[in-house]
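Step one of this worksheet: look at the structure below.
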Amino acid sequence: MNTFALVLGLASAAGLMPAPQVHIAVTVYEGDPLGTREAGTVRVLAEPQVVTPTGRPGFFLVGKDVPCPTPRNPAAVEKVGTSLELLPVVLRPDGRVWVELNAKHRQVNPAHGVETAAGFVPGFTELGMRAAWISKPGESFRQRIAARSATDQTWVEVTVRPVK
């Protein structure tokens, strides 16, 4: 960590100044990575705006809850879909930001399920990736999260907005 980030973090923690807010635009895509939205081979799953103080993670999930009954909890649910955790840290006064991305794609996989006294409990397949990079304001970073085939993939594009 450089001196600016350390001093900024200490001043923010001491309450001397508010931590700068980092605005991150995220787009989660699904489909053929060589396709286009116009051709209908790419679908936008979500376009959230993540706003978090420097050094604090931001989270979101594009997905749903799936019933997973167990003998102890017949109303249990599990989350499936694409989840992202973003941890931005402002490095310099010029607005450069260190960004850590932890992404997971989780889907139901009946082949991994089991039959219980409470009924069938589905199994899951989970794919994940971690990445870190330094971004100037306005730069985009694109990363594949899950590849089910050459034309059926989930990927994310992350753009850091200027720090205010």
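The values are calculated or read from the model by the stated rules, or taken from the named source; none is laboratory data. Nothing here was measured: the structure is a model prediction, and the numbers come from that model. No Cβ is skipped: glycine too gets one built from the backbone with ideal geometry, and neighbour counts run over all protein chains shown. Protein only, heavy atoms only, side chains kept; ligands, DNA and RNA dropped before computing areas. Shrake-Rupley method; radii C 1.70, N 1.55, O 1.52, S 1.80 Å.
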(message) Give me the net charge for the shell around residue 65: Cβ to Cβ below 13 angstrom, other residues only, Lys and Arg +1, Asp and Glu -1.
(response) +2
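Looking at the square roots a ≥ b ≥ c of the eigenvalues of the Cα gyration tensor of the range 13-63, which shape do they give, rounded for a/c under 1.5, prolate if a/b is larger than b/c, or oblate?
On the way: a/c = 4.98, a/b = 3.57, b/c = 1.39.
It is prolate, given that a/c is not under 1.5 and a/b is the larger ratio.
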(request) Name the residue, out of 114, 28, 90, whose mean-square fluctuation peaks in a Gaussian network model built on the chain with Cα pairs under 10 Å. (result) 114
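On a 1.4 Å probe surface of the protein chains, which of 84, 127 comes out largest in accessible area, and what is the full order? Let's see the in-between values first.
Values: 84 5, 127 70 Å².
Per-residue accessible area, sorted high to low, gives 127, 84.
Can you pull out the trypsin sites (Lys or Arg not before Pro) in the range 38-75 whose DSSP state is coil and whose Cβ has at most 15 other Cβ atoms within 10 Å? Write down the numbers at each step before the final one.
Working: sites: 43, 64, 72; in loops: 72.
Answer by residue number: 72.
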(request) For residue 39 paired with residue 25, estimate the spin-label separation in nm (one decimal), with each label point 7 Å from Cα along the Cα-to-Cβ line. (result) 2.4
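Over the chain, how many pairs of lysines fall under 19 Å by alpha carbon, counting only those 8 or more apart in sequence or from different chains?
Working: 64/79; 64/104; 79/104; 136/164.
Lysine pairs, 8 or more places apart or on different chains, close enough: 4.
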(message) Given a 1.4 angstrom probe, I'd like the percentage of the accessible area of the chain that is carbon and sulfur, rounded to a whole number.
(response) 55
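What's the extension gain from residue 136 to residue 47 if we count 0.36 nm per residue and subtract their Cα-Cα distance?
30.0 nm
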(message) With angles folded into 0 to 90 degrees, how steeply does helix 3-13 sit against the dominant principal axis of the chain? Use alpha carbons for both and round to 10.
(response) 70
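Kindly sort 140, 83, 135 by accessible area of their heavy atoms, largest first, with the probe set to 1.4 Å.
On the way: 140 70, 83 40, 135 0 Å².
From most accessible down to least: 140, 83, 135.
Where a ≥ b ≥ c are the square roots of the eigenvalues of the C-alpha gyration tensor, would you call the chain rounded, which needs a/c under 1.5, or, failing that, prolate if a/b is larger than b/c, or oblate? The partial results should precede the final answer.
Details: a/c = 3.10, a/b = 1.62, b/c = 1.91.
The shape class here is oblate.
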(request) For residue 79 paired with residue 112, estimate the spin-label separation in nm (one decimal), with each label point 7 Å from Cα along the Cα-to-Cβ line. (result) 1.7
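Averaged per residue, what accessible area in Å² does the chain show with a 1.4 Å probe, protein chains only? Let's see the in-between values first.
Values: 9380 Å² over 164 residues.
For the chain, the solvent-accessible area averages 57 Å² per residue.
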